[in-house]
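One structure is given here, and the rest of the page talks about it.
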Amino acid sequence: MRSISLLLAAGAALALALPARSAEIRTNPRAVVELFTSQGCSSCPKADAMFNELSRQSDVVALAWHVDYWDYIGWPDTFGAKANSDRQRAYAEGWGSGRIYTPQVVVNGTTGLVGSRDKEVRGAVSSAALALPVAVEISGDMVHVSIGPKADGAAAMVWLVTFKDHAEVVIERGENAGKTFDYRQIVTGTQMLGMWDPATGTELKLPLSALSQAGSNGAAIMVQSETDGFPGPILGAASIQL
C-alpha cells in the first residue's frame, strides 16, 4: 500500500506523457455500486448486464470487482484477483456472515444484494444517498481532490480505486464457454491516499498518470469508514474517466 507521497514520486519518475483529452468527472453521486462477479459464473451475466446499465447513470459510481474463487471450475477470470475476493470476504465478515457468492451487489458499503435481482438492486440504488461531497478537478497533469468537513463525522480513509472502463472477453471454457461478454468499470487496483478529517476536511493531490497504470483509464475516489477493521459505510465518492 503506497501513500500519496509515494504516488507523487512515482508519477514524477515515470513522467508519463498523457495526450490531451477530455475527462468525464462525476461528483456527489447518490450511490457507489460494487459488483462482485466472475466470468466463470453462469448466473453472473444477467447481473453484469444490469451493472453495465447502472454504470452509465451520472449519479452512480460503479466498480466491478472480479473474484478468483470460481477459477477452478474451468475458466480463470481474466480480471480476477485475490484482493477482490478478500474485499468481498471482509464485507461479509463485517456483517457477521461467512458466506460469499456471485453475483453480489453492495450499495454504499452497507447493503448487500443478490446481483441478479434487478428490481431489488435498482430500488436500493434509487433510494441511496451519500452525504459527504467529494470534489475533483484536473489541473495540468495533476488531480486535485477536495473533501469538505462534516460536524458529526468520524475519521475515514480515502481510497483510490483504478478501473478499466470497458473490455470485451470471449469465454473459452467453463460454465459460460462459447459466449462473449462486455464488461465495464473493471477494478484494476486500490491504494489508500490518506485519511479524511471531519473537523477540517481533506485536500489531496495525485498525478494524473496514477489513473492510467495497469491498463486502467479511470479511477474512483472513495471516502469509506471502517468498523472493527472491516469496510464500513461509504460516506462520499467521485470518479474520473479519461
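The values are calculated or read from the model by the stated rules, or taken from the named source; none is laboratory data. These numbers come from a predicted model, not from an experiment. Cβ coordinates were reconstructed from backbone atoms using ideal geometry, including for glycine residues, and neighbour counts include every protein chain displayed.
What to note about this one:
- Residue satisfying all of: in the stretch 64-74; surrounded by fewer than 18 Cβ atoms within 10 Å (Cβ to Cβ) and without any contact (Cβ under 8 Å) to a residue 60 or more places away in the chain; nearest to Q185 (Cα to Cα) among these: D71
- Residue under evaluation G178, criteria (1) without any contact (Cβ under 8 Å) to a residue 24 or more places away in the chain; (2) part of a strand (DSSP E or B); (3) not hydrophobic (A, V, I, L, M, F, W, C), criterion not met: (2)
- Taken over the stretch 165-204, the criterion of being exposed (fewer than 14 other Cβ atoms within 10 Å of the Cβ) and touching a His at 6+ places or on another chain (Cβ under 8 Å) is satisfied by D182, E203.
- Residue check for D77: within 25 Å of Q241 (Cβ to Cβ), of a type outside the set (K, R) and without any contact (Cβ under 8 Å) to a residue 40 or more places away in the chain: yes
- Residues located in the stretch 93-110, provided they are of a type in the set (S, T, Y) and either within 15 Å of the chain's Cα centre (by Cα) or modelled with pLDDT of 95 or more (or both): Y101, T102, T110
- Boolean, Y91 is without any contact (Cβ under 8 Å) to a residue 12 or more places away in the chain and aromatic (F, W, Y): no
- Where T200 falls short, out of the listed (1) under 16 Å from the mean Cα position of the chain (by Cα); (2) assigned to a loop (DSSP other than H, G, I, E, B); (3) not small (G, A, S): (1)
- The C-beta contact set for the stretch 148-159 (first residue within 11 Å of V134 (Cβ to Cβ), second residue in a loop (DSSP other than H, G, I, E, B), distance under 6 angstrom, 6+ apart or interchain) comprises G148/P133; G148/G201.
- Unique match (being in a loop (DSSP other than H, G, I, E, B), of a type in the set (S, T, Y) and buried (at least 16 other Cβ atoms within 10 Å of the Cβ)) among S216, S239, S209, S225: S216
- Top-ranked residue of the stretch 111-121 - restricted to ones that are in a helix (DSSP H, G or I) and free of Cβ contacts under 8 Å to residues at least 40 places away in the same chain, ranked as farthest from the chain's Cα centre (by Cα): K119
- Test: residue in the stretch 82-98 that is within 29 Å of P207 (Cα to Cα), out of contact with any Phe, Trp or Tyr (no Cβ under 9 Å at 6 or more places or on another chain) and either surrounded by 15 or more Cβ atoms within 10 Å (Cβ to Cβ) or not basic (K, R) (or both): yes
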